[in-house]
Amino acid sequence: MKKLSILAIGALFATLPVLAHAKDITVGMSWNQKESSLETAWEDYFQSEAIEQGKAAGVKINWIFNVAAGDPTRQAANIEDMINKGVDIVMARAEDAAAIGASIRAAKAANIPFVTFDRASANTKPTAHVGGDSYDQAITTSTVFVDLLKKNNVHGKCIELEGALTDINAVKRTKGWHDVTDKSGVIETVIQVPTEWNPELFLSGLTNALKAHPEANCVFAASDFAFTAIQSALEKADKWAPSGQPKHMWLATQDLLPAAVKPMEDGYIDVSTSYDAYAHGKETVRVLIAIALGKDPGCSADGCLAKGRVATPATIKTIDNLWSRKYQ
């Protein structure tokens with residue numbers, strides 16, 4: 001990647017909407033939907049961090065939240081309403097990564113900064129993007145998993161439960177898993193199972209994979225939101241046992257969502273890296289304040305991405321601000 005000169009960076013930010021020396025700003029947040037504890041955690045962390053970071057920066061953030069109920073057309077209308085109300089910054093978690101581009105352009109036409117959250121725009125660059133670092137998630141989980149199996153003298157023959165291949169987060173997790181394991185000499189992936197983020201496909205896909213590959217002794221799941229389905233498949237195959245038991249299936253997951261907390265505490269999941277709502281909230285507010293004060297938020301080409309935290313049965317109870325425990 002080419003480094004930009006100081007003059008080039010200055011010229012770039014001169015073209016962006018700037019709220020110079022703002023002290024009191026209104027952020028309009030458009031949720032694509034709000035059906036899980038994750039969105040509730042995010043919203044709570046936005047507001048608490050806005051108070052804490054805002055005091056330090058001399059900025060007061062007022063919030064307007066609305067929800068599109070999974071409808072891209074409704075989300076566009078919600079964002080248009082916030083633009084018409086004259087919010088200082090628009091933020092959105094897109095229902096449709098392509099459709100959100102029209103809303104970004106509308107905000108820019110009104111000279112209002114636009115921040116995409118969690119889901120990036122597919123075609124129009126916003127003022128900034130904030131999300132989780134899904135590639136780093138997979139790298140950290142896979143690295144610890146390789147070390148764990150090596151320590152236990154296990155040659156891993158893993159079933160990979162992929163996410164939706166249209167989801168960039170899922171694609172990055174698959175890439176991170178293979179970037180670490182394919183060259184490890186410790187783990188080989190015996191089959192990749194597409195799930196489309198459908199819990200029924202987690203169950204049927206893993207069930208069929210276990211039948212086709214009885215030699216499999218480990219699983220990598222691109223997300224553990226459907227962990228009850230994973231558990232059901234392992235129970236059917238008589239491979240549901242905690243670490244240290246002969247029938248234990250070595251398990252590495254992504255996200256450490258509420259369904260996975262107790263299974264990890266009980267030793268069924270060996271390692272996971274959190275999709276860290278707390279870290280996302282802190283980074284989001286940091287970026288919003290920077291934009292409000294006319295500063296460069298310092299994002300990479302992929303955005304301002306917050307990293308997750310690695311958890312194991314030995315460490316999970318000591319991790320503070322673990323949203324998935326608090327918001328079960």
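Overview of results
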{"item": "Among the candidates 97, 92, 68, residue that is at pLDDT below 95, surrounded by 14 or more Cβ atoms within 10 Å (Cβ to Cβ), small (Gly, Ala, Ser) and in contact with a Ser or Thr (Cβ under 7 Å, 6 or more places away or on another chain)", "result": "97"}
{"item": "Residue within the stretch 233-241 that is in the same structural domain as residue 170 (by TED's automatic domain parsing), in contact with a Cys (Cβ under 9 Å, 6 or more places away or on another chain) and more than 17 Å from residue 318 (Cα to Cα) present", "result": "no"}
{"item": "Some residue of the stretch 53-75 being in contact with a helix residue (DSSP H, G or I) (Cβ under 8 Å, 6 or more places away or on another chain), over 19 Å from residue 39 (Cβ atoms) and polar (S, T, N, Q)", "result": "yes"}
{"item": "Residue that is surrounded by the fewest Cβ atoms within 10 Å (Cβ to Cβ), among those in the stretch 261-277 that are assigned to a helix (DSSP H, G or I) and free of Cβ contacts under 8 Å to residues at least 40 places away in the same chain", "result": "262"}
{"item": "Strands (runs of 3 or more DSSP E) enclosed by the stretch 71-177 - at least 2 residues per element that are over 22 Å from the mean Cα position of the chain (by Cα), outside the structural domain of residue 27 (by TED's automatic domain parsing) and touching a residue at least 24 places away in the same chain (Cβ under 8 Å)", "result": "156-162"}
{"item": "Counted residues, the stretch 209-232 - those being touching a helix residue (DSSP H, G or I) at 6+ places or on another chain (Cβ under 9 Å) and assigned to a helix (DSSP H, G or I)", "result": "8"}
{"item": "Sole exception among (1) crowded, with 16+ Cβ neighbours inside 10 Å; (2) over 16 Å from residue 117 (Cα atoms); (3) at pLDDT below 95 for residue 61, by number", "result": "(3)"}
{"item": "Single match in 166, 181, 195 (criterion: farther than 16 Å from residue 249 by Cα, of a type in the set (S, T, N, Q) and modelled with pLDDT under 95)", "result": "166"}
{"item": "Residues located in the stretch 41-77, provided they are in contact with a strand residue (DSSP E or B) (Cβ under 7 Å, 6 or more places away or on another chain), aliphatic (A, V, I, L, M) and farther than 19 Å from residue 103 by Cβ", "result": "50, 59, 61"}
{"item": "Matching residues, the stretch 278-328, being more than 19 Å from residue 140 (Cβ to Cβ), assigned to a loop (DSSP other than H, G, I, E, B) and among the charged types (D, E, K, R)", "result": "295, 296"}
{"item": "Candidate set from the stretch 169-215 (those that are of a type in the set (Gly, Ala, Ser) and more than 20 Å from residue 228 (Cβ to Cβ)); member that is surrounded by the most Cβ atoms within 10 Å (Cβ to Cβ)", "result": "176"}
{"item": "Residue count, the stretch 290-304 (criterion: hydrophobic (A, V, I, L, M, F, W, C) and buried (at least 19 other Cβ atoms within 10 Å of the Cβ))", "result": "3"}
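The values are calculated or read from the model by the stated rules, or taken from the named source; none is laboratory data. What you see is a predicted model; the values in this text were computed from it and never measured. Cβ: placed from backbone, ideal geometry, glycine included. Neighbour counts: every protein chain shown.
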